[in-house]
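Take a look at the structure below.
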Amino acid sequence: MNGRRTPVAPASEAPDGGAGWRAFALPRAAVVLVIVAAGIVLAATTGGTAAIVGWGVVAVGGTLAISFVFLGVGYSEDRARAREERSPTRGPRADPARARPRSGRASRCPRSR
């Protein structure tokens, strides 16, 4: 092991970066909606401690919803990175040998003069 992490494609993503991830987005959303709905029903129909537990269930559903949004963002970044690595023309940032040579002087901020 060289200590570097190797990226692993998510199990829910199609190898071609296609629509495979969408097949798993709907069940995640459905789970969140069921949890939130159960919490709202519990909070609205009961009183006392059960209502507090119901609002806690709603909070857990909200936390899951936000977590799934961040998971989707991460998957989209992984797909973009994989698409960029497969691209034959990756631009000057990807290949430092092809980058424009720098002039001999350092750039300065105009306010620092």
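Throughout, read-outs are computed from the coordinates displayed, never taken from laboratory work. Keep in mind the model is a prediction, meaning the values are calculated, not measured. Cβ: placed from backbone, ideal geometry, glycine included. Neighbour counts: every protein chain shown.
Data table
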quantity: Rounded FRET efficiency, nearest 0.05, which uses the C-beta distance separating residue 34 from residue 77 and R0 of 25 Å; calculated: 0.35
quantity: Distance histogram in 5 Å bins (all Cα pairs of region 22-81, percent per bin); calculated: 4, 20, 21, 17, 13, 9, 7, 4, 2, 1, 0
